[in-house]
Every structure is written in structure tokens, then in C-alpha cells.
Ligand code: SF4
């Protein structure tokens, strides 16, 4: 077992006005006034609200039952369904990961909404999501570089709640981390606290690659990743 932990400052991440505009459905640089100004205000304030942490643990005792679409990690079974089974089927080891932007940015978004500032509240929500995704991109890239020195490769990352994998399996995933790792906990209904957090798995092996997501095979219409995972970003799928 290999447990790795990271802390990031906001200014180490790739969270820009362009990226937030794109996530909101605007062409970068072309959102209408006063959206760019509001994004800039939120990005400036966000720096004081972040507590960005993440990490991964590598497990070697893994097996995939391709017929039943079941992933076994150290004897714990995950019902990962077809899409993730196909992407992980050639792995030899697995990294389980978690990452959070901290509670502050989510609370800031809620406060804005509560005060009736819905657009800025939504922008803060988007900024929180981009912070945690950008931090997780860095962690994944660091894992990839670390493994390349051993001649190994990684897959894209997959999370409970996406690609057919039930969010209810989150408790099993968290059982591989120390309690309160990175300050993230789970509610009884498997939601992560702080809310701006991600978790999931990354396959490792000689014959796996980051091939990009197969969203064209998926019927999850409102997936927040659908658009961005088809978007070529230097360090993302
Ligand atoms: S749209 Fe793409 S990223 Fe989203 S759940 Fe489907 S396959 Fe996964």
C-alpha cells in the first residue's frame, strides 16, 4: 500500500476566467457583461476560501470480472458496470483517490444564493468544481510521472456517481483511506463533505492508457463532465 498526500495553493491551479466561462456554456472571452467581472471577483475571493488537499493509495490486489462487471480490490467488490470495466480491464494495480477544495468555497456559494445573488452563487459553485478538478488533474499527472519511471501507465479517472457506477459504493472506496483523510467525510447517503470534493479510481499497468472518456456510449445526459471530457485540455483526458 502506497499512500500519497498533496496540498495546493489556489495560484498553483489552472482556474481562469476562460475556463469558468467555458464551463458556464460561454465561448471563452465572450461572456456578456457583467459575467466576466463577476467571475474575476469570485476568483479573487476564492483564494481565501480554499483548503485544497488530495491524495491516493495504490493497491496491488486487484481483479476484474469482465462478465459480471465487478472490480475486486483486496477482496472488496465494486459493481463498476460496463464502461469502467472496459476501460480498466487491462490494469495490473489501481490507485484510489480523493481530492477536495475545502468547505469554504461551497459555503461561500451557499451564502451568495441565500442572499439572493444567484448568478454569483452559481459562479462560486462552478469555481469550486474547477478548483477540485484542476487539483485532481495535478495529482493524476504526478501519479503518471511517478509510474512512468517504472515503465507503467495509467487510465483516465473514474468516480462513483458517473459512468454507471453507483454513488452508493463511495463508503467502500473510502474504507481504503485513513478516517478523515484530507478532511473529507461521507454522509450516510454517500455524499462527500466538503461538497466540493471528488473520489474515484485510476487503473495502472503496462498495457493501459489515458484514452479519453467514451461519453458517446453513455445515456447520462446531464453529466457535468460530458462536455469537458471531450474538450482537449493539456493535462485532461
Ligand atoms: S457522460 Fe461521459 S463522463 Fe459522464 S457519466 Fe457518461 S461516460 Fe462518464
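For region 54-109, a residue qualifies if it is in a helix (DSSP H, G or I) and within 14 Å of residue 203 (Cα to Cα), and the qualifying residues are 83, 84, 85, 86, 87, 88.
Filtering region 154-213 to residues that are within 15 Å of the ligand (Cβ to nearest atom) and at positive phi leaves 161, 163, 164, 200, 212.
In region 45-54, how many are surrounded by fewer than 20 Cβ atoms within 10 Å (Cβ to Cβ) and within 22 Å of residue 137 (Cα to Cα)? Residues flagged as surrounded by fewer than 20 Cβ atoms within 10 Å (Cβ to Cβ) and within 22 Å of residue 137 (Cα to Cα) within region 45-54 amount to 3. Can you name every residue in region 67-80 that is closer than 18 Å to residue 217 by Cβ and modelled with pLDDT under 95? Within region 67-80, no residue meets the criteria. Scanning region 18-44 for residues that are surrounded by fewer than 16 Cβ atoms within 10 Å (Cβ to Cβ) and touching a residue at least 24 places away in the same chain (Cβ under 8 Å) yields a total of 2.
Only one of the listed residues (124, 135) is closer than 17 Å to residue 5 by Cβ, in contact (Cβ under 8 Å) with a residue 24 or more places away in the chain and outside any strand (DSSP E or B). That residue is 135.
The values are calculated or read from the model by the stated rules, or taken from the named source; none is laboratory data. This structure is a prediction, so every number in the text was calculated from the model and none was measured. Cβ: placed from backbone, ideal geometry, glycine included. Neighbour counts: every protein chain shown.
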